[in-house]
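Asker: I have a structure I would like to understand better, so I am pasting it below and will then ask my questions one at a time.
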Amino acid sequence: MTSLIRHVTIDCTDAYRLARFWAEALDGSLAEDDFPGDPEATVTSAGAALLFLSVPDAKTVKNRVHLDLQPQDRSRDEEVERLLALGAALVADHRRPDGTGWATMADPEGNEFCVERSAAERAR
């Protein structure tokens, strides 16, 4: 084996604040040494480790890379509602009446991500 992805790194204006959102979204945890005002913060979750780095530039264009979330213990629509309550925004709704499709959302700093159907919903 040559390499493994250790983190997915996301530039942002407030590393700690955005990491807190993603820790809640992914039922993950912040590193023990991450505190408000830190220039970087790490979220560890069952699916991935995310590293947030504070940079001086705000996001101005669409992400070149984004995360696709698949709910594990709830439906896609329940997950969309939960993420909205955490501070995410619905950017584009690609959900179809037959239950297929996905929702494109944005985290509190505008980084896009998608919420897909759960494995149980895909099995139907």
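Asker: Amide H of Leu67 versus every other amide H placed in the peptide plane: which residues, excluding those fewer than 5 positions away on the same chain, fall under 5 Å?
Answerer: Cys114
Asker: Would you please give the FRET efficiency between Leu53 and Leu4, computed as 1/(1 + (r/R0)^6) with r the Cβ-Cβ distance and R0 = 22 Å, to the nearest 0.05?
Answerer: It comes to 0.65.
Asker: On average, how much accessible surface per residue is there in the chain, in Å², for a 1.4 Å probe, leaving out ligands, DNA and RNA?
Answerer: 63 Å²
Asker: Next up: Tell me what the chain gives for mean residue ellipticity at 222 nm when only DSSP H runs of n ≥ 4 count, each as -39,500 (n - 2.57), the sum divided by the residue total, rounded to 500 deg cm²/dmol.
Answerer: The helix contribution divided over the chain gives -6000 deg cm²/dmol.
Asker: Where in segment 16-60 does the amide nitrogen come within less than 13 Å of the point 7 Å from the Cα of Asp73, taken along Cα to Cβ?
Answerer: In segment 16-60, the label zone of Asp73 (backbone N under 13 Å from the point 7 Å along Cα→Cβ) covers 26-28, 46.
Asker: Suppose every Lys and Arg Cβ carries +1 and every Asp and Glu Cβ carries -1, with no other charges. What dipole size does segment 67-124 come out with about its Cα centre, to the nearest 20 debye? Write down the numbers at each step before the final one.
Answerer: Numbers: 8 positive and 13 negative charges, 55 e Å.
Dipole magnitude for segment 67-124 comes out near 260 debye.
Asker: Just one of (i) 15.0, 46; (ii) 32.5, 112; (iii) 13.6, 42 is Rg and Dmax of the Cα atoms in Å as worked out from the coordinates here. Which one is it?
Answerer: Given (i) 15.0, 46; (ii) 32.5, 112; (iii) 13.6, 42, the structure-derived one carries the label (i).
Asker: For segment 1-47, what % of the accessible area comes from carbon and sulfur atoms, probe 1.4 Å?
Answerer: Answer for segment 1-47 is 48 percent, counting heavy atoms of protein chains only.
The values are calculated or read from the model by the stated rules, or taken from the named source; none is laboratory data. Please read all numbers here as calculations on a predicted model, not as lab measurements. Glycine also receives a Cβ, built like all others from the backbone with ideal geometry; neighbour counts cover every protein chain displayed. In case anyone asks, the SASA skips ligands and DNA or RNA and just uses the protein heavy atoms, side chains included. Shrake-Rupley method; radii C 1.70, N 1.55, O 1.52, S 1.80 Å.
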